[in-house]
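The structure under discussion is supplied below as structure tokens; questions concerning it will follow.
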Amino acid sequence: MARIQSLGVAAVLALVATVWFAAFTVDERERAILFQLGEIVRTDFSPGLHFKIPVVQNVRKFDARIQTLDAKPERFLTVEKKNVIVDAFVKWRIRDVGRYYTAVAGDAFQAGLRLDQLIKDGLRSEFSKRTIQEVVSGERAQVMSIITENANREAAKMGIEIVDVRIKRVDLPPEVSSSVFRRMESERARVAREFRSRGAEAAERIRADADRQRTIILAEAFRDAEAIRGEGDAEAARIYAEAFGEDPEFYALYRSLAAYRRIFRDERDVLVLKPDSDFFRYFGDSLGGAGGR
């Protein structure tokens with residue numbers, strides 16, 4: 001009885017071991033190849049549980065997710081025969097795992113090297129047809145689309161699908177950048193000088209106009225002042241004339257007293273005149289000598 005139980009346990013263990021070594025799973029993110037004595041017998045495995053013949057058959061799995069190849073910056077010549085440094089990257093994935101294994105032995109590093117060469121050839125071809133301005137801004141999207149399409153035809157032979165090719169940066173070499181920056185600096189300096197000269201011209205024009213307006217305003221003000229002063233002098237003369245006409249003797253006395261006040265401001269003032277001078281006629285007589293005559 002014990003022997004039968006032992007045989008049963010051994011049989012179960014053998015079955016479990018057989019199933020363990022014969023079963024394998026394929027993840028949604030994987031592609032699998034079934035080999036039999038080193039020869040590919042199947043590649044179209046769907047995600048899930050599968051079986052193989054132990055010892056005789058073996059399975060290799062590969063990452064089927066989108067992978068990134070970041071190519072090293074490379075120099076390319078434009079149609080103007082100018083060097084540009086291009087930094088690009090590639091998004092790719094395994095489409096046909098059988099071809100992929102046959103072409104690069106399932107080695108992602110080898111696949112990357114071949115893809116890198118494909119992309120560089122495409123960039124070299126497209127950049128040689130365009131100017132720097134076109135590859136930097138004008139036709140950059142078109143360049144990436146053409147390279148992706150052309151590279152995909154070659155990559156399909158390796159069982160690889162190129163999802164996208166992107167140009168991260170297009171730079172000028174340092175020696176070219178320096179000369180470009182110097183030209184840009186000279187151009188900016190020229191524009192600045194032009195703006196400054198225009199500003200100086202406008203300033204001179206404004207200053208001249210202000211001086212002209214100032215001269216006009218001063219001249220008009222002087223003219224108006226002289227006219228007002230003349231009107232005032234005329235009015236004063238009229239008033240004086242009217243006052244003189246009403247009482248000539250009083251007006252003469254008032255003018256003489258004003259003259260005395262202006263002349264004899266200080267006790268040291270001396271005036272040498274004849275005693276009978278008409279200037280002192282009001283000193284002895286308020287009528288100015290009229291009564292004596």
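The values are calculated or read from the model by the stated rules, or taken from the named source; none is laboratory data. These figures come from a predicted structure and were not determined experimentally. A quick note on method: Cβ atoms are made from the backbone with ideal geometry, for glycine too, and the neighbour counts reach across all protein chains shown.
Give the residue, chosen from Ala88, Ala103, Ala111, that is closer than 18 Å to Asn152 by Cα, surrounded by 18 or more Cβ atoms within 10 Å (Cβ to Cβ) and touching a Gly at 6+ places or on another chain (Cβ under 7 Å).
Every option except Ala103 fails the conditions.
When the residues of segment 20-42 are filtered to those that are of a type in the set (A, V, I, L, M) and in a strand (DSSP E or B), which remaining residue is modelled with the lowest pLDDT?
Our first condition is that a residue be of a type in the set (A, V, I, L, M); within segment 20-42, this holds for 22-23, 26, 32-34, 37, 40-41.
Now drop any that are not in a strand (DSSP E or B), which leaves 23, 26, 32-34, 40-41.
On the way: Ala23: 85, Val26: 88, Ala32: 90, Ile33: 90, Leu34: 89, Ile40: 88, Val41: 88.
Filtering first and then ranking leaves Ala23.
Oh, and also: Condition first: closer than 25 Å to Val170 by Cα, in the same structural domain as Ile160 (by TED's automatic domain parsing) and in contact (Cβ under 8 Å) with a residue 40 or more places away in the chain. Can you find one or more residues in segment 92-103 that meet it?
Just the residues of segment 92-103 that are closer than 25 Å to Val170 by Cα, to begin with: 92.
Keeping just the survivors that are in the same structural domain as Ile160 (by TED's automatic domain parsing) gives 92.
With in contact (Cβ under 8 Å) with a residue 40 or more places away in the chain added as a condition, the list becomes 92.
Scanning segment 92-103, I find at least one residue that is closer than 25 Å to Val170 by Cα, in the same structural domain as Ile160 (by TED's automatic domain parsing) and in contact (Cβ under 8 Å) with a residue 40 or more places away in the chain, so the answer is yes.
Filter segment 219-249 down to residues that are of a type in the set (Asp, Glu) and at pLDDT below 85, then give me how many there are. Give the steps one after another, and end with the answer.
If we filter segment 219-249 for residues that are of a type in the set (Asp, Glu), which is where we start, we get 220, 224, 226, 231, 233, 235, 242, 246-247, 249.
From the residues that got through so far, the ones that are at pLDDT below 85 too are 242, 246-247, 249.
Residues in segment 219-249 being of a type in the set (Asp, Glu) and at pLDDT below 85: 4 in total.
Taking Ala252, is it in a helix (DSSP H, G or I), at pLDDT 75 or above, of a type in the set (Gly, Ala, Ser) and surrounded by 10 or more Cβ atoms within 10 Å (Cβ to Cβ)?
Values: in a helix (DSSP H, G or I): yes; at pLDDT 75 or above: no; of a type in the set (Gly, Ala, Ser): yes; surrounded by 10 or more Cβ atoms within 10 Å (Cβ to Cβ): yes.
Here the answer is no, as Ala252 does not meet what is asked.
Answer yes or no: is there a residue in segment 212-219 that is in a helix (DSSP H, G or I), hydroxyl-bearing (Ser, Thr, Tyr) and assigned by TED's automatic domain parsing to the domain that holds Arg95. Break it down into steps so the answer makes sense when it comes.
Filtering segment 212-219 for residues in a helix (DSSP H, G or I) gives 212-219.
Next, only the ones that are hydroxyl-bearing (Ser, Thr, Tyr) stay: 215.
Retained after the next criterion (residues that are assigned by TED's automatic domain parsing to the domain that holds Arg95): none.
Within segment 212-219, none of the residues are in a helix (DSSP H, G or I), hydroxyl-bearing (Ser, Thr, Tyr) and assigned by TED's automatic domain parsing to the domain that holds Arg95.
Of the residues in segment 43-71, how many are part of a loop (DSSP other than H, G, I, E, B) and without any contact (Cβ under 8 Å) to a residue 40 or more places away in the chain? Quick ask: steps written out before the conclusion?
In the first step, residues of segment 43-71 are kept if they are part of a loop (DSSP other than H, G, I, E, B); the result is 43-47, 52-56, 64-66, 71.
Checking which are without any contact (Cβ under 8 Å) to a residue 40 or more places away in the chain leaves us with 44-47, 52-56, 64-65.
Going through segment 43-71 one residue at a time, the tally reaches 11.
Just for helices (runs of 4 or more DSSP H) wholly inside segment 85-156: which have at least 1 residues that are hydrophobic (A, V, I, L, M, F, W, C) and in contact with a Ser or Thr (Cβ under 7 Å, 6 or more places away or on another chain)? Explain how you work it out, then say what you get.
Values: elements: 97-104, 108-127, 140-155.
Where helices (runs of 4 or more DSSP H) fall fully within segment 85-156 and carry at least 1 residues being hydrophobic (A, V, I, L, M, F, W, C) and in contact with a Ser or Thr (Cβ under 7 Å, 6 or more places away or on another chain), they are 97-104, 108-127.
Looking at Glu126, Glu154 in this structure, which one is over 30 Å from Arg31 (Cα atoms), surrounded by 12 or more Cβ atoms within 10 Å (Cβ to Cβ) and without any contact (Cβ under 8 Å) to a residue 40 or more places away in the chain? Write out each step before concluding.
Details: Glu154 fails: over 30 Å from Arg31 (Cα atoms).
Matching residue, one of Glu126, Glu154: Glu126.
Failed condition for Gly159, given (1) assigned by TED's automatic domain parsing to the domain that holds Arg93; (2) under 30 Å from Arg75 (Cβ atoms); (3) not aliphatic (A, V, I, L, M), with all others met?
For Gly159, the exception is condition (2).
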